[in-house]
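These notes are about the structure you will find just below.
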Amino acid sequence: MSSIASLNYLVHDIDEALTFFREQLGFEVVADEIGPDRRRTVVAPRGGAGASLVLKPATDDDQRAAVGRQGGGAVLFFLETDDFERDHRHMTAAGVRFREQPRHEPYGTVAVFDDLYGNGWDLIQPA
């Protein structure tokens, strides 16, 4: 085994999640396949080499309750950048809500933001 290729990301609505990832985070759509009984939609950071997210509609009460709480209140995803200031500025202008001001840590520059459902993400430029 060499890497984690993708992760399920629970959503209430695929189209609203697609809008968030494309317009606010600048992600690209890797796949959007519509079959007779399901839709498989995958997004990833543009030009990125990391894992992709499979947008999975919540289909039962447990899954619906987990939307926005997939990390149990902790930061769930770490979005790495090579230019923190550029991406922070772009995301803020696009309407992304940051929980905090950028801070400098021994491991890099970081700020926590919420996705459209309230899951916590780190925007981080490693030191």
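Per-residue 3J(HN,Hα) values for the range 6-11, derived from phi via the Karplus relation 6.51 cos²θ - 1.76 cosθ + 1.60 with θ = phi - 60°, read 7, 9, 6, 10, 5, 9 Hz in sequence order (x marks Gly and Pro). Backbone geometry of the range 18-35 corresponds, through the Karplus equation with coefficients 6.51, -1.76 and 1.60 at θ = phi - 60°, to 3J(HN,Hα) couplings of 4, 4, 4, 5, 6, 7, 9, 9, x, 6, 10, 8, 7, 8, 8, 10, 10, x Hz, x marking Gly and Pro. Against the main long axis of the alpha-carbon atoms of the chain, helix 84-93 sits at an angle near 60°. For Lys56, nonlocal amide neighbours, meaning residues 5 or more places apart or on other chains whose placed amide H falls under 5 Å from its own, are Tyr9, Leu10, Val11. Extending 7 Å from Cα along the Cβ direction at Ile14 and again at Asp62 yields two label points whose distance is 2.3 nm. Using only side-chain charges placed at the Cβ, +1 for Lys and Arg and -1 for Asp and Glu, the dipole size of the chain relative to its Cα centre rounds to 40 debye.
Against the set (1) 8.8; (2) 10.6; (3) 8.2, the structure's computed mean projected area of the Cα convex hull in nm² falls on (1).
Beta-bridge orientation, the chain: approximately 65 percent antiparallel, per DSSP, counting only bridges with both partners inside.
Neighbours of Gly95 by Cβ distance under 12 Å: Lys/Arg scored +1, Asp/Glu scored -1, total -2. The ranking of His88, His12, His104 by Cβ neighbour count inside 10 Å, starting from the fewest, reads His104, His12, His88. On full extension, the segment bounded by Thr92 and Leu76 gains 3.8 nm, given 0.36 nm per residue less the C-alpha separation.
Dividing the summed -39500 (n - 2.57) terms of all DSSP H runs of n ≥ 4 by the residue count of the chain sets its mean residue ellipticity at 222 nm at -4500 deg cm²/dmol.
By the beta-carbon count within 10 Å of each Cβ, the least crowded to most crowded order of Tyr107, Tyr117, fewest first, is Tyr107, Tyr117.
No value in this document is a laboratory result; all are computed from the given coordinates. Every value quoted in this text rests on a predicted model; they were computed, and no experiment measured them. Here Cβ is always computed from backbone atoms with ideal geometry, including for glycine, and neighbour counts include all displayed protein chains.
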